[in-house]
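Asks: Below is the structure I would like to discuss, written out as structure tokens.
The values are calculated or read from the model by the stated rules, or taken from the named source; none is laboratory data. Note that the coordinates shown come from a computational prediction; the quantities given were computed from them, not determined experimentally. Here the Cβ positions follow ideal geometry from the backbone for every residue, glycine too, while neighbour counts run over all protein chains shown.
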Amino acid sequence: MENVGLVAGNNRFPFLVAEEIKRSGSSVVCIALKEEADAGLEKLCDKTYRLSIWEFQKIIDALKSENVETL
């Protein structure tokens with residue numbers, strides 16, 4: 001199973017993308033932007049990191065630690 005990374009902001013779009021990733025058989029590693037992302041997204045994602053958009057290195061490190069190759 002492939003880990004797909006999702007950088008999630010606000011509104012419904014991140015939910016739709018996460019649902020489609022799951023439907024394809026992949027797992028979702030979500031970078032939920034602290035300032036934007038709905039907390040309910042965590043229930044849909046296999047792994048969630050709550051980070052600020054300004055924490056570039058932490059975002060990269062999180063995705064690498066989860067072996068994400070697709071965004």
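Asks: Any idea which of LYS47, LYS64, LYS58, LYS22 is closer than 10 Å to VAL4 by Cα and among the basic types (Lys, Arg)? First the steps, then the outcome.
Replies: Working: LYS47 fails: closer than 10 Å to VAL4 by Cα; LYS64 fails: closer than 10 Å to VAL4 by Cα; LYS58 fails: closer than 10 Å to VAL4 by Cα.
LYS22 is the lone residue from the list that is closer than 10 Å to VAL4 by Cα and among the basic types (Lys, Arg).
Asks: Looking at the stretch 54-65, can you tell me whether even one residue there is touching a residue at least 60 places away in the same chain (Cβ under 8 Å) and of a type outside the set (A, V, I, L, M, F, W, C)? It would help to see each step written out before you state the result.
Replies: The first filter runs over the stretch 54-65 and keeps only residues touching a residue at least 60 places away in the same chain (Cβ under 8 Å), leaving none.
Within the stretch 54-65, not a single residue is touching a residue at least 60 places away in the same chain (Cβ under 8 Å) and of a type outside the set (A, V, I, L, M, F, W, C).
Asks: Please go through the stretch 10-39 and pick out each residue that is surrounded by fewer than 14 Cβ atoms within 10 Å (Cβ to Cβ), at pLDDT 95 or above and among the small types (Gly, Ala, Ser).
Replies: SER24, GLY25 - these are the residues of the stretch 10-39 that are surrounded by fewer than 14 Cβ atoms within 10 Å (Cβ to Cβ), at pLDDT 95 or above and among the small types (Gly, Ala, Ser).
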